[in-house]
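Enquirer: Below you will find the structure I want to go over with you.
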Amino acid sequence: MKNIVVLVSGGGTNLQALIDAQQRGEIAAGKITCVISSNPNAYALTRAENNNIETAVIRRKDFDDFDAYDKALTELLKSKNADVIVLAGFMTILGRRVIGAFENRIINIHPALIPSFCGEGYYGLRVHEEALKRGVKVTGATAHFVNEICDGGPIILQKAVEIKSGDTPEILQKRVMEQAEWKILPKAVALFCEDKITVKDGRTYLN
């Protein structure tokens, strides 16, 4: 049974999707053992506590420099015996130390079909604003491993979502979450926990 540690900063809707999937038995080979927040007031912490999941808080501003924060987060994750780390709306950049210590063991969900509408600055509503501005007909979500390139790690799963006439960024954001993010993130985590993902030359292969 692999230990799943989830990093959060806000409301925790993707965390809730993981908790719900676990309760439905869809993440059979893993268990959410800890939720770590960059924000002590994040509602995601309440979601964790309501499900008897251990919590911790680590704030970037409590450290003199980024390197000290990077080291502390790495040590915290190791102390929790994290087998896989899931970024579920974690709004603090990960440093090289964390990424190096957990290579191909950090999973992120991005609200677009990478390589479209991704990279530095593309998060939250801006992703959907840009998709609508560009006039694409299909968007979606991507579950991927994290490396040192923003949204540049190996892609695990993608799911397309239709853009409809009259969509606003808020409406599209909700549809992408419900139809794509909340489905493929738990599935990607489940595949990892079952040792069904192989990474070779920057690509993933599902066994």
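The values are calculated or read from the model by the stated rules, or taken from the named source; none is laboratory data. Bear in mind that the values here come from a model prediction, so they are computed numbers and not experimental data. Backbone-built Cβ (ideal geometry, glycine too); neighbour counts: all protein chains shown. Heavy atoms of the whole protein, side chains included, go into the accessibility calculation; ligands, DNA and RNA do not. Shrake-Rupley method; radii C 1.70, N 1.55, O 1.52, S 1.80 Å.
Enquirer: Tell me, yes or no, whether segment 7-30 has at least one residue that is touching a Leu at 6+ places or on another chain (Cβ under 9 Å) and free of Cβ contacts under 8 Å to residues at least 40 places away in the same chain. So that I can check it myself, show each step before the final result.
Expert: Initially, segment 7-30 is screened for residues touching a Leu at 6+ places or on another chain (Cβ under 9 Å), giving 7-8, 12, 14, 17-18, 21, 27.
Filter again for free of Cβ contacts under 8 Å to residues at least 40 places away in the same chain, leaving none.
There is no residue in segment 7-30 that is touching a Leu at 6+ places or on another chain (Cβ under 9 Å) and free of Cβ contacts under 8 Å to residues at least 40 places away in the same chain.
Enquirer: Within segment 95-126, take every residue that is charged (D, E, K, R) and modelled with pLDDT of 95 or more and give me the one that is least open to solvent (accessible area, probe 1.4 Å). Step through it out loud before you land on a result.
Expert: Residues of segment 95-126 that are charged (D, E, K, R), as a first pass: 96-97, 103, 105, 120, 126.
Then drop every residue that is not modelled with pLDDT of 95 or more, which leaves 96-97, 103, 105, 126.
Values: Arg96: 177, Arg97: 98, Glu103: 132, Arg105: 72, Arg126: 88 Å².
Within segment 95-126, the match that is least open to solvent (accessible area, probe 1.4 Å) is Arg105.
Enquirer: Also: So the check is Cβ under 6 Å with 6+ separation or different chains; which pairs have a first residue in segment 92-112 that's over 30 Å from Leu172 (Cβ atoms) and a second one that's assigned to a strand (DSSP E or B)?
Expert: Final answer for the pair search is Phe102/Ile85; Asn104/Phe145; Asn104/Val199; Arg105/Val84.
Enquirer: Moving on. Within segment 158-169, can you find the residues that are touching a residue at least 40 places away in the same chain (Cβ under 8 Å) and touching a helix residue (DSSP H, G or I) at 6+ places or on another chain (Cβ under 6 Å)?
Expert: If we filter segment 158-169 for residues that are touching a residue at least 40 places away in the same chain (Cβ under 8 Å), which is where we start, we get 158, 160, 169.
Selection gives Pro169 alone.
Enquirer: Ile107 passes all but one of (1) outside any helix (DSSP H, G or I); (2) over 14 Å from Gly89 (Cα atoms); which number fails?
Expert: (2)
Enquirer: Given the options Glu148, Glu129, name the one that is touching a Lys or Arg at 6+ places or on another chain (Cβ under 7 Å), acidic (Asp, Glu) and either at pLDDT 95 or above or not in a helix (DSSP H, G or I) (or both).
Expert: Checking each option against the conditions leaves just Glu148.
Enquirer: A further question on this structure: Condition first: surrounded by 16 or more Cβ atoms within 10 Å (Cβ to Cβ), touching a Lys or Arg at 6+ places or on another chain (Cβ under 8 Å) and among the aliphatic types (A, V, I, L, M). Now tell me which residues in segment 1-16 satisfy that.
Expert: Going through segment 1-16, the residues surrounded by 16 or more Cβ atoms within 10 Å (Cβ to Cβ) turn out to be 2-10, 12-16.
Next cut, touching a Lys or Arg at 6+ places or on another chain (Cβ under 8 Å) only: 2-5, 12, 15-16.
Ile4, Val5, Leu15, listed by residue number.
Enquirer: Determine, yes or no, whether Arg175 is modelled with pLDDT of 95 or more, open to solvent by less than 50 Å² (accessible area, probe 1.4 Å) and basic (Lys, Arg).
Expert: On the way: modelled with pLDDT of 95 or more: yes; open to solvent by less than 50 Å² (accessible area, probe 1.4 Å): yes; basic (Lys, Arg): yes.
Answer is yes for this residue.
Enquirer: Please find, within segment 21-56, the residue that is surrounded by the most Cβ atoms within 10 Å (Cβ to Cβ) out of those that are aliphatic (A, V, I, L, M) and farther than 16 Å from Ala82 by Cβ.
Expert: Keep residues of segment 21-56 that are aliphatic (A, V, I, L, M), which gives 21, 27-29, 32, 35-36, 42, 44-45, 48, 53, 56.
Now narrow it down to the ones that are farther than 16 Å from Ala82 by Cβ: 21, 28, 42, 44-45.
On the way: Ala21: 19, Ala28: 11, Ala42: 23, Ala44: 26, Leu45: 21.
Filtering first and then ranking leaves Ala44.
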